[in-house]
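The values are calculated or read from the model by the stated rules, or taken from the named source; none is laboratory data. All of these numbers come straight from a predicted model, not from anything done at the bench. All Cβ positions, even for glycine, are placed from backbone atoms using ideal geometry, and neighbour counts span all protein chains on display. Heavy atoms of the whole protein, side chains included, go into the accessibility calculation; ligands, DNA and RNA do not. Shrake-Rupley method; radii C 1.70, N 1.55, O 1.52, S 1.80 Å.
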Amino acid sequence: LLAKMRAAKARGRLSIKLTEPESLKKGPYDIALEDKDALHIPIMPSSVTVIGSVFNQNSFIYDSQTTISSYLNMAGGITQEADKDSMYVLKIDGTAVSKRQFGWGFSGARLDPGDTIVVPQEVERIAWLREIKDITQILFQIAVTAGTLVVIFP
């Protein structure tokens, strides 16, 4: 997941909310296209994607009654390494809504077709495990050295 996110390149995209053409005029989304700009209107997706620290990263058929919690359950639930407090939803319009800004009702929130639920991995836990591994290796090397010295100098 991290490799994919690092490899992603900004393409200079601009998300706008499209409504009836008549209501766009003189509104906040009435923007002028510049040289080599293109307007791409994707087909409305019919799925919601769950990625990150879940047991089964997948896309699921969109259901207007299904909550974030239900989609996470369909993905097998979140793993032990998941950073539960940093979950967020990438909305189909390009915006993001995090659990921290949404509050306690985040899990019960409804989604739009095309949204992606992202469950990041807890970085601090991984760093802590690396430190334990390093300490264990150092203690092992000290024990081997002490054992060698005992054999050489009885």
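Hey, rough spin-label estimate for residue 137 and residue 93, points 7 angstrom out along Cα→Cβ, what's it come to in nanometres?
Placing both labels 7 Å beyond Cα along the Cβ direction yields 5.0 nm.
Set the Förster radius R0 to 25 Å, insert the Cβ-Cβ distance between residue 107 and residue 31 as r into 1/(1 + (r/R0)^6), and round the FRET efficiency to 0.05.
Step by step, r from the Cβ atoms, then E = 0.10.
Cross-link partners among lysines for residue 17, C-alpha distance below 28 Å, same-chain residues fewer than 8 apart left out?
Straight-line reach from residue 17, under 28 Å: 4, 9, 25, 26, 36, 91, 99.
How big is the charge dipole of the chain about its Cα centre, in debye rounded to the nearest 20, if each Lys and Arg gets +1 on its Cβ and each Asp and Glu gets -1 on its Cβ?
Roughly 200 debye for the chain.
Could you report the chain's accessible area per residue, 1.4 Å probe, as an integer in Å²?
Per residue, the chain has 78 Å² of solvent-accessible surface.
Counting alpha carbon pairs within less than 8 Å and at least 6 residues apart, what relative contact order, in whole percent, applies to the chain?
23 percent
Hey, any idea what % of the stretch 57-154's accessible area is carbon plus sulfur with a 1.4 Å probe?
Numbers: 3990 of 6690 Å².
Ligands and nucleic acids excluded, carbon and sulfur give 60 percent.
Per 5 Å bin, what percent of the C-alpha pairs of the chain does each bin hold, from zero upward?
1, 7, 12, 14, 13, 11, 9, 7, 6, 4, 3, 3, 3, 2, 1, 1, 1, 0, 0
Quick check on the chain: helices-only [θ] at 222 nm, where DSSP H runs of length 4 and up contribute -39,500 (n - 2.57) each and the sum goes over total residues. Nearest 500, please.
-10000 deg cm²/dmol
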